[in-house]
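I have placed the structure first, in the form of structure tokens, so that the comments after it can refer back to it.
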Amino acid sequence: MKIAILSRNKKLYSTRRMVEACQARGHEARVIDTLRCYMNISSANPEIHYKGENLTGFDAVIPRIGASITFYGTAVSRQFEMMGVFPLNELVAITRARDKLRSLQLLSRKGVGIPVTGFAHSPDDVQDLIKMVGGAPLVIKLLEGTQGIGVVLAETRKAAESVIEAFMGLQANIMVQEFIKEAGGSDIRCFVIGEKVVAAMKRQALEGEFRSNLHRGGSASLIKITPQERATAVKAAKVMGLNVAGVDILRSGRGPLVMEVNSSPGLEGIEAATGKDVAGMIIQFLEKNASPHKTRTKGRG
Ligand code: ADP
């Protein structure tokens, strides 16, 4: 197969591993800088041009679109889908996953457990919002945040009010979530490929910190997940429409709660913690599933 990897940087661990895995399995891999793709959307034959060349002949595309280039990256991805190239994840699903509120709404609609979550726009509604989600302690999250930045634990109602009002004053979109204390500063990253959890790791926050992000100094270790956790992760990926997803789960007193579903999960942490060839499993998924014009949405949306 000829596989395009949409990535801004060849040297990133995940990008490198995808290239290695393609080559190890006898495929041709090409890393394409998303922001250097330009498109003719007026022609009947959708095309993508790249540094003067007309890109053709790809069997599959692996979109790895960073949060900062979501807008342009999804347009490039859509163009590949319109050309009939099989995407690892469909752009409609990627767009869903990028929107934290939309994701949680979709998950809750399909009965996937999530922490009690609220959101409001007006400072006039803050007091009632806090009451609605069960009062302090509360986690307040900036919707645009990643890697744990903009995730705040407010221990008291007063603190929660001040933080929410401050964020609202800055015109930032936020959500307010019950604090899952039982998780003990840890979460579980389930790596889902094609309706299976192929690897899972536990991330534990530093002492005195509740955010377990590896970027915040958290440490990763191998974990055995329960059948219920496994089923929850698979269902969450399915609800989002993602073939490949990183599903983040909190262990709560009332069972697994999905915090977030990531459409471009990193490979470095999970491969290091589990010793598994996750990149190879992704390419195997493409081998089994990639055929032209096979997406559910065909670039619509
Ligand atoms: P980001 O997308 O920026 O990583 P998350 O929503 O994943 O933000 O939150 C960062 C970390 O904070 C999580 O990995 C988890 O350890 C912790 N956390 C987030 N929400 C909650 C919550 N409701 N209860 C307990 N811990 C939480």
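Derivation of every value follows stated rules applied to the coordinates shown; laboratory data play no part. Since the structure is predicted, the reported quantities are computational estimates derived from the model, not experimental observations. With ideal geometry, Cβ positions are generated from the backbone for all residues, glycine too; neighbour counts draw on all protein chains shown.
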Q: Can you pull the one-decimal nm distance between simple spin-label points at residue 207 and residue 166, each 7 Å off the Cα toward Cβ?
A: 2.7
(Q) Can you compute the charge dipole magnitude of the chain about its Cα centre, using +1 on each Lys and Arg Cβ and -1 on each Asp and Glu Cβ, nothing else charged? Give it in debye, rounded to the nearest 20. (A) 720
Q: Report the calculated FRET efficiency for residue 293 and residue 102 (r = Cβ-Cβ distance, R0 = 41 Å), to the nearest 0.05.
A: 0.95
Q.
Please compute the modelled spin-label separation between residue 24 and residue 252, points set 7 Å along Cα→Cβ, answer in nm with one decimal.
A. 3.8
Q) What length, rounded to one decimal in nm, is gained on full extension from residue 146 through to residue 181, with 0.36 nm per residue of separation minus their alpha-carbon distance? A) 10.5 nm
Q.
What does DSSP give for the stretch 161-272 in terms of the percent of beta bridges that are antiparallel, rounded to the nearest 5?
A. 100
Q.
Can you tell me how the stretch 117-179 classifies by the Cα gyration tensor, rounded, prolate or oblate, using a/c under 1.5 as the rounded cut?
A. oblate
Q. For residue 42 and residue 222, what is the calculated FRET efficiency with R₀ set at 45 Å and r taken between the beta-carbons, to the nearest 0.05?
A. 0.30
Q. Residue 105: net charge of surrounding residues, Cβ under 12 Å, Lys/Arg +1, Asp/Glu -1, itself excluded?
A. +4
Q | Estimated [θ] at 222 nm from DSSP helical runs (n ≥ 4, -39500 (n - 2.57)) normalised by residues in the chain, nearest 500 | A | -9500 deg cm²/dmol
Q: Express in nm, to one decimal, how much length is gained between residue 156 and residue 195 on full extension, taking 0.36 nm for each residue of separation and deducting their alpha carbon distance.
A: 10.0 nm
Q.
Can you give the local net charge around residue 192? Use residues other than it whose beta-carbon is closer than 14 angstrom to its beta-carbon, Lys and Arg +1, Asp and Glu -1.
A. +2
Q: Taking all pairs of distinct Cα atoms, average 1/r, flip it, and tell me the Kirkwood hydrodynamic radius of the chain in Å to one decimal place.
A: 20.2
Q. What is the packing order of peptides 103-111, 278-286, taking the mean over residues of other C-beta atoms within 10 Å and listing the highest first?
A. 278-286, 103-111
